[in-house]
């Protein structure tokens, strides 16, 4: 039994997540593994039962897996305030990094070397998203025919419409609920300085800022499991519905999130900055992570009872299958935009092969190498 005095203070926990947010590469599965190793096995700040409960909630509730688990552990140690502090500590380092990269992107985006880097990075991102889709498919679908059917429908709808429709996710949840748990189921203006709102198209209006906040909050409420689940959802709104970014800029935003530590969902900070400057970055991040926070602190006290409910599990099961299908569909859509010639196709295949063959090589290294290859290819062109 671990002595309470040896379980670390709230300050210790916040410092740990600051460090993890600043150095944790590898995506949600890797980050979740780091937490288990560091906080349960080595430091013993949490019991295996506490960790498993947090992981189960993170898998069942909307929200990026790693951030959701971090907030739950903060809640277990310090209630709602602890969840907020830990969530902020985990997200802040990567948020600062992507904003700094967004500043450089706006200032130097027209330079040949940066265009060349993102030429190669775009191909690498498509390869990594495709690989992640395969991994998530194996992890979430198994041999369940219902999950595979919901996955296929969501993938086809995403690839065909080149957008992500919320009703597909909700419909998948309802279908799974009906099939799996039918018996149980029956029983003003903001007054901000124009400089804070300056993005790609110049100063944005306060109306745009409100729209960013609402749209990203909606996106944050439909991210299940991997943070990559937000990519297809954002693509439909950011690129097609609102036209805030073009296809290349959107791929660049995803790439930036992949080469920085912390949760992949932090791409919203980069997108928000490009649309509406520093204020847009802050509003996009708050909008995305606020639902994640609420979906942690509200059900946490009652989670043991909720987690045994057949209807809840069935609904989340269906939504997760649809989200995985949307990622696969998004890989197809983004691939059509990023793989523009033989060089990018070859580069994507090389990255995919390397990621599959050398599984211990961190994905950010592959992306950086692809960026260097893009600079060299553009220089030879």
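Table for the structure above
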read-out: Considering residues of region 198-215 that are within 13 Å of residue 274 (Cβ to Cβ) and in a helix (DSSP H, G or I) only, the residue nearest to the chain's Cα centre (by Cα); value: 212
read-out: Qualifying residue in region 273-281 (condition: assigned to a helix (DSSP H, G or I), at pLDDT below 80 and touching a helix residue (DSSP H, G or I) at 6+ places or on another chain (Cβ under 7 Å)); value: no
read-out: Options 123, 229, 154; residue that is under 22 Å from the mean Cα position of the chain (by Cα), crowded, with 17+ Cβ neighbours inside 10 Å, modelled with pLDDT of 80 or more and closer than 15 Å to residue 328 by Cα; value: 154
read-out: Tally of residues being in contact with a strand residue (DSSP E or B) (Cβ under 7 Å, 6 or more places away or on another chain) and either part of a helix (DSSP H, G or I) or surrounded by fewer than 24 Cβ atoms within 10 Å (Cβ to Cβ) (or both) across region 232-263; value: 0
read-out: Unmet requirement for residue 44, which otherwise passes all of (1) in a loop (DSSP other than H, G, I, E, B); (2) at pLDDT below 80; (3) over 14 Å from the mean Cα position of the chain (by Cα); value: (2)
read-out: Check on residue 319, closer than 22 Å to residue 158 by Cβ and touching a strand residue (DSSP E or B) at 6+ places or on another chain (Cβ under 8 Å); value: yes
read-out: Verdict on residue 169 being surrounded by 14 or more Cβ atoms within 10 Å (Cβ to Cβ), touching a helix residue (DSSP H, G or I) at 6+ places or on another chain (Cβ under 6 Å) and at pLDDT 75 or above; value: no
read-out: Condition met for residue 320 (over 19 Å from residue 254 (Cβ atoms), modelled with pLDDT under 75, surrounded by 23 or more Cβ atoms within 10 Å (Cβ to Cβ) and under 25 Å from the mean Cα position of the chain (by Cα)); value: yes
read-out: Residue 134 vs. criteria within 21 Å of residue 363 (Cα to Cα) and either surrounded by fewer than 21 Cβ atoms within 10 Å (Cβ to Cβ) or within 18 Å of the chain's Cα centre (by Cα) (or both); value: yes
read-out: Residue check for residue 219: modelled with pLDDT of 90 or more, within 23 Å of residue 125 (Cα to Cα) and part of a helix (DSSP H, G or I); value: no
read-out: Top-ranked residue in region 323-353 [being at pLDDT 85 or above and crowded, with 24+ Cβ neighbours inside 10 Å; ranked as farthest from residue 131 (Cα to Cα)]; value: 347
read-out: Residues that are over 29 Å from residue 140 (Cβ atoms) and in contact with a helix residue (DSSP H, G or I) (Cβ under 8 Å, 6 or more places away or on another chain), drawn from region 345-367; value: none
read-out: Only one of 174, 254, 264 that is under 17 Å from residue 288 (Cβ atoms) and at pLDDT 75 or above; value: 254
read-out: Test: residue in region 202-210 that is modelled with pLDDT of 75 or more, surrounded by 23 or more Cβ atoms within 10 Å (Cβ to Cβ) and under 30 Å from residue 103 (Cα atoms); value: yes
read-out: Count of residues meeting criterion [at pLDDT 70 or above and assigned to a loop (DSSP other than H, G, I, E, B)] in region 19-34; value: 1
read-out: Failed item, numbered, when residue 16 is tested on (1) modelled with pLDDT of 85 or more; (2) in contact with a helix residue (DSSP H, G or I) (Cβ under 6 Å, 6 or more places away or on another chain); (3) buried (at least 17 other Cβ atoms within 10 Å of the Cβ); value: (2)
read-out: Filter pass, residue 39 being at negative phi, at pLDDT below 80 and out of contact with any strand residue (DSSP E or B) (no Cβ under 7 Å at 6 or more places or on another chain); value: no
read-out: Number of the exception - residue 290 against (1) surrounded by fewer than 24 Cβ atoms within 10 Å (Cβ to Cβ); (2) over 16 Å from the mean Cα position of the chain (by Cα); (3) farther than 30 Å from residue 351 by Cα; value: (2)
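The values are calculated or read from the model by the stated rules, or taken from the named source; none is laboratory data. Only a predicted model underlies this, so the values are computations on that prediction, with no experimental measurement involved. For neighbour counting, all protein chains shown are included, and Cβ atoms are generated from backbone atoms with ideal geometry for every residue, glycine included.
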